[in-house]
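Remarks on the structure that follows.
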Amino acid sequence: MEDKRIPGSKRSNIHIDDLVEIIQKHHQRSGELTEGFVKRILTKSLQHPHGIKVLLNTGEVGRVKWVLVED
């Protein structure tokens, strides 16, 4: 069983309760990723070049780099 990673720049790829990796604003320089589950999708547009902005269940906000999907 292998995990797939879907880019987080399209809103249609992201759903509530999806497991994602986000980049928070203060980690943009280092590129450090935070993993968590989507609570709310904050970006209204259908796509964003830097990733769709989401709120995680932990309260952290960031742009989705990858949606993690179990195969």
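When residues of the range 44-68 are filtered for being surrounded by fewer than 18 Cβ atoms within 10 Å (Cβ to Cβ) and within 12 Å of residue 8 (Cα to Cα), how many remain? Matching residues across the range 44-68 total 6.
Note on the range 4-26: residues that are small (Gly, Ala, Ser), under 17 Å from residue 39 (Cβ atoms) and exposed (fewer than 11 other Cβ atoms within 10 Å of the Cβ) total 0.
None of the figures in this text is laboratory data; all of them are computed from the coordinates on show. The structure displayed is predicted, hence computed values, not measured ones. We place every Cβ from the backbone using ideal geometry, glycine too, and count neighbours over all the protein chains shown.
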